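Contents: one structure, followed by commentary.
Read-outs: derived from the displayed coordinates by stated rules, not from any lab. Just so we're clear, the structure is a prediction, and the values are computed from it rather than from any experiment. We place every Cβ from the backbone using ideal geometry, glycine too, and count neighbours over all the protein chains shown.
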Amino acid sequence: MTFTEDASSQVRLRDALRAAQLYYLQDLTMEAIAHELHTSRSSVSRLLSFARETGLVEVSIHSPVDLLTRLEREIRERYSVVARVVPIADRTSDVDRLERVALSAARILAGLVDSNMTVGVAWGSTMNALSRNLPAKKTHNTQIVQLNGAANTRTTGLLYSTEILNRFGVAFGADVQQFPVPALFDDPATKQALWRERSILRVLAIQSSMDLAVFGLGAAAASVPSHVYAGGYFDPTDYELLSAAGVVGDVATVFYRADGSDDGISLNARSSGPSLTELRTVPRRFCIVSGDSKLASLRGALAGGLITDLVVDEGTARHLVDTQS
């Protein structure tokens, strides 16, 4: 960055802070702020958006009646998880639904990530949307660690997973630890041998110290295709194995059934993701779900105790509590 660019950034930050103070603390209208700052109303709107995006302003909504909606309360009582339900009209497209859930989840997540934390991050369509909406929040001594490898027979997966991880690193001013291994090994013995390598043990050790894990849920029939199912990670035999085992979903390419169990699912011995037993040891497990097509996957994850914090769209939340699990 040149000196001129740096000076320009400082001026924009100063103007955004000034506009935010006038708007949120002094209740001035945007027209009045525009007059005071000698700029246009549209410029003030952009400054206020910039103030929110960069963390100069954090917006919280508190209900005077009840801090939890009915749906959030019922999900918490039934599944013992903290739920945030994102209000979205039923007619909203699946793509827009995911984007809006990801935006809300990103802002909630920013309140959970703090200095001196280790945050495990999965990859996939949901995580990609989440990472694009993360607000800036500078932390100190924070690590972002990749939960599972992304390589398959078509690609290394590095460009895709690295982009997601780097967005987390930039948003939180954190170090990023990649995991350059296959998502699924061809042979469990290859994984076992590689898991004895010091370079791999280093990443596994970081994963074992996670304070927070962030992930979406994979589902073969998702309306917005799960990247692991749409990205060439399975051959026909793999799909047959998943079907025969009664798999309904996965977390970081570790698979489970409708009752949350994962014993005897052969693909898990080949997966580079943390076992479900290991995942449950993470103090906080933040999951983002969008769309009814992931309902079976969500029910399985809840049955397996894989989630502590859930961000979900209103329609899926409604079906979750209105139908017996």
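Of note:
- Glu36-Ala136 FRET efficiency (beta carbon distance; Förster radius 22 Å; 0.05 resolution): 0.25
- Distance between the 7 Å Cα→Cβ label points at Ser261 and Ile108: 3.0 nm.
- Counted by Cβ distance under 11 Å from Asn141, the other residues give a net charge of -2, where Lys and Arg count +1 and Asp and Glu count -1.
- The antiparallel fraction among DSSP beta bridges confined to the chain stands at about 20%.
- Taking Ser115, Ser45, Ser271 as the candidate residues, the one with maximal mean-square fluctuation in a Gaussian network model of the chain, Cα springs under 10 Å, is Ser45.
- Two-site FRET efficiency, Thr92 against Tyr24, from Cβ-Cβ distance with R₀ of 22 Å, rounded to 0.05: 0.15
- Comparing Asn141, Asn133, Asn268 in a Gaussian network model of the chain (Cα springs below 10 Å), the most mobile by mean-square fluctuation is Asn141.
- As a proxy for reagent exposure, Thr29, Thr277 were ordered by neighbouring Cβ count within 10 angstrom, fewest first; the result is Thr277, Thr29.
- For Gln177, the residues 5 or more places off, or on other chains, whose built amide H falls under 5 Å of its own are Ile144, Val145, Gln146.
- Residue order, fewest to most surrounding Cβ atoms within 10 angstrom, among Asp96, Asp27: Asp27, Asp96
- For Arg285, residues with placed amide H under 5 Å, excluding near neighbours: Ala213, Thr308, Asp309
- Long-range HN-HN contacts of Ile88 with modeled amide H, under 5 Å: Glu314, Gly315
- Helix-only CD estimate at 222 nm, as mean residue ellipticity for the chain, using -39500 (n - 2.57) per DSSP H run (n ≥ 4): -13500 deg cm²/dmol
- On the principal axes of its alpha-carbon atoms, region 3-53 has extents of 34, 19, 14 Å, going from largest to smallest.
- With a simple spin-label model that places each label point 7 Å from the Cα along the Cα-to-Cβ direction, the separation between Asn166 and Arg198 comes to 2.9 nm.
- Of interest is the spacing of the C-alpha centroids, which for region 247-325 and region 130-188 amounts to 20 Å.
- As a length-normalised measure over Cα pairs under 8 Å and 6 or more apart, the relative contact order of the chain settles at 19 percent.
- Among Ala189, Ala269, Ala150, the largest mean-square fluctuation in a Gaussian network model of the chain, built with springs joining Cα atoms closer than 10 Å, belongs to Ala189.
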